[in-house]
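Below you'll find the structure, written out as structure tokens, and then a few comments.
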Amino acid sequence: MDTEEMQRQLQALTDRAEITDLMDRYLRSLDDGVFDEEWARTFHTEDVTAEMPIGTVHGRDALLAHIRRGMALFDRTVHLGTNAIIEIDGARATARGAQLSTHVLADGSGSVFISAGHTDTELVRTADGWRISASALRVVWTQGPPPRLPDEFAPAPAAWTSSSDVISGHRRSASG
């Protein structure tokens, strides 16, 4: 193996480690609950697109506002990500992994809502390191009562309405 090939392999391993670290820190940050501009810059590009069960947003500022509103639905959370398949192509990468999210509702009931699914993430290498440029969370199953969604969120995701824990009836109407 020549020096150039070793350098390519070292860069691939370094990129993979940096992407894995970014994604792990992102999930942990959701549980820490500090969502400010620094948080948004640490993980996302300015033009990020994020597709979540509570709607799709475009742009870092819109994502920050959406995450704040969405995470306010929960008292406590634990987000776990695993089995990420990372493909790197120069300064761009994709990652597909599994996510299990446990949420204690903030409605005072103490109810636990669990969702599980797959994440598809696009990343770009920036001057500040790897950042998420697009992400999609596809919920496969849920357990427990989902949160009451305020009207500003998108309609209930199909994965939530197809289970026995139907979100309709939990969704707040325009009258409150």
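How do the peptides 65-78, 82-95 rank, highest first, by the average count of neighbouring beta carbon atoms within 10 Å per residue? If you can, show how the numbers build up before the last one.
Working: 65-78: 16.4, 82-95: 13.4.
Packing order, densest peptide first, comes out as 65-78, 82-95.
Express the accessible area of segment 1-86 per residue in Å², computed with a 1.4 Å probe while the remaining protein chains stay in the model.
Spelled out: the 1.4 Å probe surface of segment 1-86, per residue, equals 60 Å².
Once you put a point 7 Å from the Cα of Val140 and another 7 Å from the Cα of Arg28, both along the Cβ direction, what distance in nm separates them?
Simple spin-label model gives 2.5 nm for this pair.
So for the chain, averaging the separation of alpha carbon pairs under 8 Å that are six or more residues apart and normalising by length, what relative contact order in percent results?
18 percent
How high is the relative contact order of segment 77-160, given as a whole-number percent (alpha carbon pairs under 8 Å, six or more residues apart)?
Worked out over segment 77-160, it gives 23 percent.
Order His118, His58 by their accessible area, 1.4 angstrom probe, all chains in place, largest first.
Highest to lowest solvent-accessible surface, that is His58, His118.
Summarise the accessible area of segment 26-153 (1.4 Å probe, protein heavy atoms) by the percent that is carbon and sulfur.
Working: 3140 of 6350 Å².
Using a 1.4 Å probe with all protein chains present, segment 26-153 comes out at 49 percent carbon and sulfur.
First measure r as the distance between the Cβ atoms of Asp47 and Ala106, then evaluate 1/(1 + (r/R0)^6) with R0 = 30 Å and state the FRET efficiency to the nearest 0.05.
The formula returns an efficiency of 0.45 here.
Using only Cα atoms and rounding to the nearest 10 degrees, what angle (0 to 90) does helix 3-32 make with the longest principal axis of the chain?
Between helix and principal axis, roughly 20 degrees.
Just to verify a number: FRET efficiency for Asp36 and Ala98, C-beta to C-beta distance, R0 = 35 Å, to 0.05?
Here the calculated transfer efficiency is 0.80.
Between Phe153, Phe113, Phe43, where does the largest GNM mean-square fluctuation fall for the chain, given springs only between Cα atoms within less than 10 Å?
Phe153
Of all the C-alpha pairs in segment 1-65, what % are more than 17 Å from each other? Please report the intermediate quantities before stating the final value.
Working: 1140 of 2080 pairs.
Value for segment 1-65: 55 percent of Cα pairs lie more than 17 Å apart.
Quick one: helix 60-71 against the long Cα principal axis of the chain, what's the angle to the nearest 10°, folded into 0 to 90?
In the chain, helix 60-71 runs at an angle near 50 degrees to the longest axis.
If I stretch the segment between Arg69 and Arg125 completely, what's the gain in nm (0.36 nm per residue apart, minus their alpha carbon distance), one decimal?
Contour length minus Cα-Cα distance gives 17.3 nm.
Using the charge dipole of the chain (Lys, Arg: +1 at Cβ; Asp, Glu: -1 at Cβ; taken about the Cα centre), state which of Leu123, Gly97, Ile54 has its Cα farthest towards the positive end.
Most positive-ward Cα: Ile54.
The values are calculated or read from the model by the stated rules, or taken from the named source; none is laboratory data. Small disclaimer: the values here were computed from a predicted structure and weren't measured. Here Cβ is always computed from backbone atoms with ideal geometry, including for glycine, and neighbour counts include all displayed protein chains. What goes into the accessible areas is simple: the full protein's heavy atoms, side chains included, and nothing from ligands, DNA or RNA. Shrake-Rupley method; radii C 1.70, N 1.55, O 1.52, S 1.80 Å.
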